[in-house]
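Q: Quick one: this structure, given as structure tokens, is what I'll be asking you about.
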Amino acid sequence: MATGIKAIIFDCDGTLVDSETPGLDVLHEEALKLGVDLSREEVHAGFRGKRMALCIEAIGRRLGQRPASFEADFTAHVREAMAVRFNEGLNPILGALALVSRLQQPFCVATNGPREKAELTLGLTGLLPYFENRIFSAYDVGFWKPSPELFLHAARAFSVEPRDCAVVEDSLPGIEAGLAAGMQVYSLCQPETVPPELAGRIEQISDLAMLDRVLHG
């Protein structure tokens with residue numbers, strides 16, 4: 001059983017809500033429509049957990065010449081397409097509802113995505129009632145993972161020292177942010193995708209049920 005954890009900070013996409021895969025699929029599909037030569041594997045491996053602006057910039061570079069408004073227009077288009085895909089059907093990550101319904105410590109979401117996206121996906125999966133007034137977005141704070149500032153902002157909101165916070169993540173930018181913040185990091189990443197220099201500093205979990213056991217014994 002884990003001890004000393006006074007607050008828990010969850011990523012949203014791919015950690016609580018099964019939105020990472022369909023969201024990246026939409027990004028890949030829309031890039032293909034532009035004629036960008038990117039495989040699905042490249043998109044999922046290269047863009048997972050990253051700020052949308054960086055993903056759109058990378059796609060734009062593949063295009064070469066493009067209108068000055070490309071990034072803003074394409075971002076808005078992708079966001080709309082993602083919302084449509086999510087509304088077609090979205091599930092919580094297995095074990096998410098059981099875990100958050102049992103937690104005794106304060107907990108929140110800290111996401112690189114916009115607040116409205118988190119509210120949409122959490123709402124579609126029945127998780128939003130657990131996170132009312134507990135959603136921290138990088139767009140509100142002005143810092144994106146792998147910067148630690150979003151997580152540090154959440155810790156300050158709870159008046160909890162970073163070392164007493166647990167971060168639950170499924171992407172390398174999130175893991176890096178949690179470690180940089182001096183927090184305890186629980187990783188849902190595939191172990192083989194985590195660089196050795198990070199692997200020894202985190203706790204690898206197979207699923208949220210395992211985290212539930214770690215926290216509650």
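The values are calculated or read from the model by the stated rules, or taken from the named source; none is laboratory data. Because the structure is predicted, anything quoted here is derived from the model rather than measured. Every residue, glycine among them, receives a Cβ derived from its backbone with ideal geometry; neighbour counts consider all protein chains shown. Note: areas computed on protein heavy atoms with side chains; ligands, DNA, RNA excluded. Shrake-Rupley method; radii C 1.70, N 1.55, O 1.52, S 1.80 Å.
Q: Just to be sure, is residue 45 in a loop (DSSP other than H, G, I, E, B), open to solvent by 80 Å² or more (accessible area, probe 1.4 Å) and either among the small types (Gly, Ala, Ser) or closer than 30 Å to residue 163 by Cβ (or both)?
A: Judged against the criteria, residue 45 is not a match.
Q: Moving on to the next point. Can you tell me which residue within the range 1-47, out of those that are among the polar types (S, T, N, Q) and touching a residue at least 24 places away in the same chain (Cβ under 8 Å), is farthest from residue 64 (Cα to Cα)?
A: 15
Q: Could you please let me know if residue 199 is touching a helix residue (DSSP H, G or I) at 6+ places or on another chain (Cβ under 8 Å) and free of Cβ contacts under 8 Å to residues at least 12 places away in the same chain?
A: yes
Q: Now for a separate question. Output the residues belonging to the range 1-40 that are open to solvent by less than 10 Å² (accessible area, probe 1.4 Å), touching a Leu at 6+ places or on another chain (Cβ under 8 Å) and of a type in the set (Gly, Ala, Ser).
A: 19, 31
Q: Which of the following residues is open to solvent by less than 40 Å² (accessible area, probe 1.4 Å) and among the small types (Gly, Ala, Ser): 72, 98, 68, 58?
A: Selected residue: 58, the only one of 72, 98, 68, 58 that is open to solvent by less than 40 Å² (accessible area, probe 1.4 Å) and among the small types (Gly, Ala, Ser).
Q: Which pairs do you get when a residue that is assigned to a strand (DSSP E or B), found in the range 128-152, comes within reach of a residue that is open to solvent by less than 10 Å² (accessible area, probe 1.4 Å) and β-branched (Val, Ile, Thr), reach meaning Cβ atoms under 6 angstrom, with the pair 6+ apart or on two chains?
A: Qualifying pairs under 6 Å: 135/109; 137/111.
Q: Now for a separate question. Do the conditions hold for residue 113, that is, is it within 20 Å of the chain's Cα centre (by Cα), surrounded by 19 or more Cβ atoms within 10 Å (Cβ to Cβ) and modelled with pLDDT under 95?
A: Answer is no for this residue.
Q: Restricting to the range 158-180, give me the number of residues that are open to solvent by less than 10 Å² (accessible area, probe 1.4 Å), in contact with a Phe, Trp or Tyr (Cβ under 8 Å, 6 or more places away or on another chain) and not charged (D, E, K, R).
A: Residues flagged as open to solvent by less than 10 Å² (accessible area, probe 1.4 Å), in contact with a Phe, Trp or Tyr (Cβ under 8 Å, 6 or more places away or on another chain) and not charged (D, E, K, R) within the range 158-180 amount to 6.
Q: Any residue at all in the range 186-198 that's open to solvent by less than 60 Å² (accessible area, probe 1.4 Å), farther than 19 Å from residue 99 by Cα and either of a type in the set (A, V, I, L, M, F, W, C) or within 15 Å of the chain's Cα centre (by Cα) (or both)?
A: yes
Q: Tell me yes or no: at least one residue of the range 77-90 is open to solvent by 30 Å² or more (accessible area, probe 1.4 Å) and either under 15 Å from the mean Cα position of the chain (by Cα) or of a type in the set (Phe, Trp, Tyr) (or both).
A: no
Q: Here's another thing I want to ask about it. How many residues does the range 95-117 hold that are among the polar types (S, T, N, Q) and closer than 13 Å to residue 127 by Cβ?
A: Total meeting the criteria: 2.
Q: Quick check on residue 207: is it touching a residue at least 60 places away in the same chain (Cβ under 8 Å), among the acidic types (Asp, Glu) and surrounded by fewer than 15 Cβ atoms within 10 Å (Cβ to Cβ)?
A: So residue 207 fits the description; yes.
Q: Being assigned to a helix (DSSP H, G or I) and either more than 17 Å from residue 183 (Cβ to Cβ) or in contact with a strand residue (DSSP E or B) (Cβ under 8 Å, 6 or more places away or on another chain) (or both) is the filter here, so list the residues in the range 153-172 that pass it.
A: Result: 153, 154, 155, 157, 158, 163, 164.
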